[in-house]
Amino acid sequence: MKLPDSNLLNGLNFSGGPGALPESVLRQVQESILAVPGVGLSILGISHRSDWFAAVVAELESNIRQLLGLSADYHVLFLQGGATQQFSMLPMTLLAGRTQPAEYLHTGYWSGKALPEARREGPVRVLWSGETEGFRRLPSDGELDFRADAPYLHYVSNETVEGLQFHRTLGRDDVPRICDMSSDFLSAPGEFDRYAMIYAHAQKNLGPAGVTVVVLKDELLREAPDNLPGFLDYRTQIAAHSIYNTPPVFSIYVVLLVSRWLRDEIGGLAAMDAINTRKAATIYRAIDASRGFYAGRAAQADRSRMNVAFNLPSPALEAEFIAAAQAAGFSGLAGHRSIGGIRASLYNGLKLTAAEKLADFMADFQSGRS
Ligand SMILES: *Cc1c(COP(=O)(O)O)cnc(C)c1O
């Protein structure tokens, strides 16, 4: 059985999430649905208690540690409940019962979703909010007054909806730095060992929905409460090597294949970053060359390399753009339902040629209309 031309099916998938996955990974996934090589069983019917799956988890932990350059005092966990569950699990562990507020940045839709969940557990100080400015820029260091007594700092490295990305590490080294990297995890090198905890669900940049990667330092859990539900206690998950209950075997396996692809076919995070930078530059160049026909949402300095959000002169033209793009084979270009407009998501699995095709399409669309 052969896949139809996946260039047609997946090659022009600009979806904000679940996002495009590399073709070579999809072909291995296709094979594994029937029988995993060397095992002879479908990936959908292999026990999570098998030695094979324990080896999958161990290899994936090691690949992620290696890609991020992290030492053995970081745990690597594969949890369920998406990034949304981390919005609660984190403050349940580090904020409940505390009197000093945790520091949160409110830089867009997703960091905003983390706030009410944290407030349920303890005091929160919003260090900076871009809400009144419509989340079109990120704060400079001069606007951020980090306090030494905060239990932790939480921020989102890449605001998926608005297309805003921090191109630096925030905060103080004496306060645990915690980051939701759901939409730019493993997209570029970074100072990952300066974070006490990083989390990222799979379905933007890593694989299918169903699994969330959590990387955290052992010392972060020293004062965690003893009365957490087992499922929501990082220590239980650590002790069980992410197999506390039935984990999403399929999703974890696909993330393993993606981690191998990143290492072996792409050549690691620096090589991935070089490709991602070129993809983003291609689309932003198309925007900047349009003399205002396409208007980027994000301030230049804070432009995301993963999600390019922009507007056309009217909602009617935006609807026309999306329809014409769809007819030309592109998919997933409609902006998030909260803000509308257009969003081109350029996750790791999307090829440079796809970004180039979109840039050409943008120029053609404009030349017919302005
Ligand atoms: C999509 C997204 C989320 C929500 O993730 P779920 O897995 O659906 O809970 C959280 N944070 C960021 C940055 C996202 O892009």
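The values are calculated or read from the model by the stated rules, or taken from the named source; none is laboratory data. The model shown is predicted, which means the values in this text are computed figures rather than measured ones. Quick reminder, even Gly has a Cβ in these numbers, built from the backbone with ideal geometry, and neighbours come from all protein chains shown. When the accessible area is computed, the model is the full protein with side chains, heavy atoms only, and any ligands, DNA or RNA have been set aside. Shrake-Rupley method; radii C 1.70, N 1.55, O 1.52, S 1.80 Å.
The table below lists the values:
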quantity	calculated
Selection within segment 152-206 - closer than 23 Å to S345 by Cβ, more than 14 Å from the ligand (Cβ to nearest atom) and not aliphatic (A, V, I, L, M)	H167, R168, P189, G190, F192
Matching residues, segment 293-317, being among the small types (G, A, S) and either open to solvent by less than 60 Å² (accessible area, probe 1.4 Å) or not assigned by TED's automatic domain parsing to the domain that holds A334 (or both)	A295, G296, A298, A299, S304, A309, S314
Residues (of a type in the set (V, I, T) and surrounded by 17 or more Cβ atoms within 10 Å (Cβ to Cβ)) located in segment 58-88	I64, V76
Wholly enclosed helices (runs of 4 or more DSSP H) of segment 1-116 bearing at least 2 residues within 16 Å of the ligand (Cβ to nearest atom) and touching a residue at least 24 places away in the same chain (Cβ under 8 Å)	82-94
Flag if D51 is charged (D, E, K, R) and modelled with pLDDT under 95	no
Which numbered condition E133 misses (of (1) charged (D, E, K, R); (2) under 24 Å from R168 (Cα atoms); (3) in contact (Cβ under 8 Å) with a residue 24 or more places away in the chain)	(3)
Extreme residue, farthest from Y347 (Cα to Cα), among residues of segment 25-39 that are of a type in the set (G, A, S) and modelled with pLDDT of 95 or more	A35
Residues being more than 17 Å from H154 (Cβ to Cβ) and either in contact with a strand residue (DSSP E or B) (Cβ under 9 Å, 6 or more places away or on another chain) or of a type in the set (G, A, S) (or both) - total across segment 214-229	1
Flag for E143 being closer than 14 Å to E103 by Cα and not aliphatic (A, V, I, L, M)	yes
Candidates T246, T277, T236, T212, filtered to the one that is outside the structural domain of Q66 (by TED's automatic domain parsing) and of a type in the set (S, T, N, Q)	T277
Single residue of segment 136-176 satisfying the filter (more than 22 Å from M89 (Cα to Cα) and aromatic (F, W, Y)) that is surrounded by the fewest Cβ atoms within 10 Å (Cβ to Cβ)	F146
Those residues of segment 326-370 which are charged (D, E, K, R) and either at pLDDT below 95 or buried (at least 17 other Cβ atoms within 10 Å of the Cβ) (or both), in sequence order	R337, R343, K351, K357, R369
Positions within segment 117-127 being in contact (Cβ under 8 Å) with a residue 12 or more places away in the chain, surrounded by fewer than 18 Cβ atoms within 10 Å (Cβ to Cβ) and not β-branched (V, I, T), in sequence order	R120, P123, R125
Residue that is surrounded by the most Cβ atoms within 10 Å (Cβ to Cβ) [pool: residues in segment 181-213 that are of a type in the set (D, E) and in a loop (DSSP other than H, G, I, E, B)]	D184
Any hit, segment 312-322, residues being farther than 25 Å from F185 by Cβ and touching an Asp or Glu at 6+ places or on another chain (Cβ under 8 Å)	yes
Evaluation of A323 against (1) buried (at least 19 other Cβ atoms within 10 Å of the Cβ); (2) assigned to a helix (DSSP H, G or I) (one fails), failing number	(1)
